[in-house]
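The values are calculated or read from the model by the stated rules, or taken from the named source; none is laboratory data. Everything quoted here is computed from the prediction, not taken from an experiment. Ideal geometry is used to build each Cβ from the backbone, glycine not excepted, and the neighbour counts take in all protein chains shown.
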Protein chains: 2
Amino acid sequence: MDFTDLSHLDDGVVERRFTLDGIPGLLWTPPASADASVPLILLGHPGGLEGMHPRLVQRAQSAARSGFASATLELPGSGDRPRIPDFEAARADLGRAMAQGDPLDAVVDRLVLPLVERAAPEWRSLLDDVLALPGIRGPVGISGGFISIGMRLALVEPRIVAASLYAGSFVPASIVEEARRLTVPLHMLLQWDDESHNRQEMLDLFDALGSPEKTLLANLGGHTGVPAHAGEDVARFFERHLR
Amino acid sequence: MDFTDLSHLDDGVVERRFTLDGIPGLLWTPPASADASVPLILLGHPGGLEGMHPRLVQRAQSAARSGFASATLELPGSGDRPRIPDFEAARADLGRAMAQGDPLDAVVDRLVLPLVERAAPEWRSLLDDVLALPGIRGPVGISGGFISIGMRLALVEPRIVAASLYAGSFVPASIVEEARRLTVPLHMLLQWDDESHNRQEMLDLFDALGSPEKTLLANLGGHTGVPAHAGEDVARFFERHLR
């Protein structure tokens, strides 16, 4: 983990840019406090760190108000990372299939499954390195972003003790099956009128989640219309489970 | 409104018993504060004030922590009020129909519609009298209880500006149709594994609610298993809308 840049945000949160085996990432830590070490939230996103940066900063600042550090990593094939021709082709095919109203299952598998397989070990390495830094000890939560990556990490990574999921995403059937084996507390956000995702599939996914403690928070509105109070509810979810 | 009893709870909340045209009711006010007058939450319940009293006190104390007064009224045919033979017969028939797996629509109509017709004007009278007391000014929210009564009141009573609904209840089809005309912000609690209510019907009801601002909070567990954090979320909903 090579740190390349450090800046102080208005509220005293420290933002550090780094690369990890060449992959760009960001780490945010709360203003120095009495706590010798703090819990960590992995901030998921759909790929493209620079475009997501303003929103990621907001989420990191929210986590910092709870006393938590946050970290994120660019996704394979996104942002400044080399494009992956198979991903590009699958993404284009997904767009076409959606426009034409074709069945999506096969192309969702082609797009999402390899991405999960590549990203999950990278985020586990991120976890190794961030938890080796002084002042960050876990426990670890994972927040939002690509729901399939979040669920895979919550399943395979024992250091993750809670996950908040955002339902507006295409989930391969095999990942839904995996989700039945989840055990950590889960919080799932759903936008009731998400224009590009099937509500019933998302409700079925919530139903499938194996965890004995799970909450669905659904709000009226489209994919990008998550209300501010829903973000606050996610913050309280992590306060319950990372303290 | 004739007050019959006054007591101080541990946290300084004042509980007053009253009768309103002979109907028993309860009023709770927060400890004296700098506020000259406070908002009000009507506390819904399934009928039987004495049995519900411990839970109602908890909800009133939660409202008082937000600086809100609370009031409730016995339902027609429940508690110390005279039994209504038609209600008793419908209730028995509902139990039989559930036990036998028979269709419920007709008996739900027979049980719930007359109850809504009788209860709604009583609760509007309650509102008249409570808002005439010094120190209580509104705005008014309605919280939980019989969802059909809550939705009817939220529809016909302009002084109600926000409603939290509990989905575990039988709702006549005509009340679902009414709910399409609701406009106030709504918060609906759903227990995902409610053993006596149909989940899909409750999701369809949420979908039907006409309000432009509505939130569904679903948690794993049975009818009586609403987690504490869901109650806190209801409190925050009212803080957003009654302040």
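One table, with the values for the structure above:
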read-out: Residue among B:Ala167, B:Ala71 that alone is modelled with pLDDT under 95, under 27 Å from B:Phe237 (Cβ atoms) and aliphatic (A, V, I, L, M); value: B:Ala167
read-out: Residues satisfying the stated conditions in the range A:159-192, i.e. in a strand (DSSP E or B) and either within 27 Å of B:Met188 (Cβ to Cβ) or within 14 Å of chain B (Cβ to nearest Cβ) (or both); value: A:Ala162, A:Ala163, A:Ser164, A:Leu165, A:Tyr166, A:Leu186, A:His187, A:Met188, A:Leu189, A:Leu190, A:Gln191
read-out: Of all residues making up the range B:216-243, the number that are part of a strand (DSSP E or B) and either more than 17 Å from the chain's Cα centre (by Cα) or modelled with pLDDT under 95 (or both); value: 2
read-out: Residue, nearest to the other protein chains (Cβ to nearest Cβ), within the range B:202-243, restricted to residues that are surrounded by fewer than 16 Cβ atoms within 10 Å (Cβ to Cβ) and either touching a Leu at 6+ places or on another chain (Cβ under 8 Å) or among the aromatic types (Phe, Trp, Tyr) (or both); value: B:Pro212
read-out: Any hit, the range A:69-79, residues being surrounded by fewer than 20 Cβ atoms within 10 Å (Cβ to Cβ), touching a strand residue (DSSP E or B) at 6+ places or on another chain (Cβ under 8 Å) and under 17 Å from A:Leu126 (Cβ atoms); value: yes
read-out: Residue within the range A:138-149 that is within 11 Å of chain B (Cβ to nearest Cβ), of a type in the set (Gly, Ala, Ser) and within 24 Å of B:Ala228 (Cβ to Cβ) present; value: no
read-out: All positions within the range A:57-68 that are among the charged types (D, E, K, R) and surrounded by fewer than 16 Cβ atoms within 10 Å (Cβ to Cβ); value: A:Arg65
read-out: Yes/no for A:Val107 being in contact (Cβ under 8 Å) with a residue 24 or more places away in the chain and β-branched (Val, Ile, Thr); value: no
read-out: Residues of the range A:170-183 classified as surrounded by 21 or more Cβ atoms within 10 Å (Cβ to Cβ) and either modelled with pLDDT under 95 or among the β-branched types (Val, Ile, Thr) (or both), total; value: 3
read-out: Flag for B:Leu155 being within 12 Å of chain A (Cβ to nearest Cβ) and within 28 Å of B:Leu94 (Cβ to Cβ); value: no
read-out: Residue match in the range A:90-101 (condition: within 14 Å of the chain's Cα centre (by Cα) and among the small types (Gly, Ala, Ser)); value: no
read-out: Hey, A:Glu195 away from every other protein chain (no Cβ under 13 Å), assigned to a loop (DSSP other than H, G, I, E, B), of a type in the set (D, E, K, R) and without any contact (Cβ under 8 Å) to a residue 60 or more places away in the chain or not; value: yes
read-out: The range A:109-119: number of residues that are surrounded by fewer than 17 Cβ atoms within 10 Å (Cβ to Cβ) and not charged (D, E, K, R); value: 2
